[in-house]
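Undergrad: Structure incoming, see below.
The values are calculated or read from the model by the stated rules, or taken from the named source; none is laboratory data. Treat the numbers as computed from the prediction; the structure is a model and nothing was measured. Because the Cβ atoms are built from the backbone with ideal geometry, glycine has one as well, and the counts that use them run over all protein chains shown.
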Amino acid sequence: MKQILKRILVFVLFLFIAIQMYQPAFNIDKGKAATKDFIRVYKMPAEVQTLFRNSCYDCHSNNTDYVWYDYIQPVRSVVESHIKEAKNDLNFNEWETYSNRKQERLLNSIKEQIVNRQMPLSSYTLMHRKAKLSDDEIKTMTEWLKEQSKVYE
């Protein structure tokens with residue numbers, strides 16, 4: 001029995017090491033200036049900028065600040081999958097490329113998801129404490145978003 005258990009353990013260790021060879025491309029594009037970025041398009045107070053950067057930008061931009069465990073498979077693949085899906089829905093670095101109608105829809109969607117605590121994802125805030133929004137921070141963000149929505153009315 002010990003021999004079988006030892007072989008299984010060796011196999012699992014080998015498998016773990018082998019899957020480390022697969023590393024998806026990182027979501028890092030620091031070389032390009034994000035001139036079309038959400039934060040640059042709007043005149044945004046520093047506090048609101050910080051809240052968006054801490055709570056949204058890791059997944060919804062072209063630049064993710066990775067932590068040590070993001071380099072280990074299978075976590076790496078899960079993280080990259082989440083980022084890819086998030087950027088398909090909204091990429092803050094590409095904000096100015098969106099039509100006015102899409103920007104308006106996204107502003108309302110962002111506001112609604114923040115108020116309903118759907119964003120940032122609880123799985124994300126579990127490991128990224130500074131991304132978790134307090135009631136006051138939610139109020140600050142949603143009030144700012146309401147002001148921006150009036151531009152499209």
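Undergrad: What are the residues in region 64-107 that are surrounded by fewer than 17 Cβ atoms within 10 Å (Cβ to Cβ) and among the β-branched types (Val, Ile, Thr), if any?
TA: Matches in region 64-107: Val67, Ile72, Val75, Val78, Thr97.
Undergrad: Could you tell me whether Ser77 is touching a residue at least 12 places away in the same chain (Cβ under 8 Å) and under 30 Å from Met141 (Cα atoms)?
TA: No: the conditions fail for Ser77.
Undergrad: Now for a separate question. Tell me the residue from Tyr66, Tyr57 that is among the aromatic types (Phe, Trp, Tyr), over 21 Å from Glu137 (Cα atoms), in a loop (DSSP other than H, G, I, E, B) and at pLDDT 85 or above, please.
TA: Tyr66
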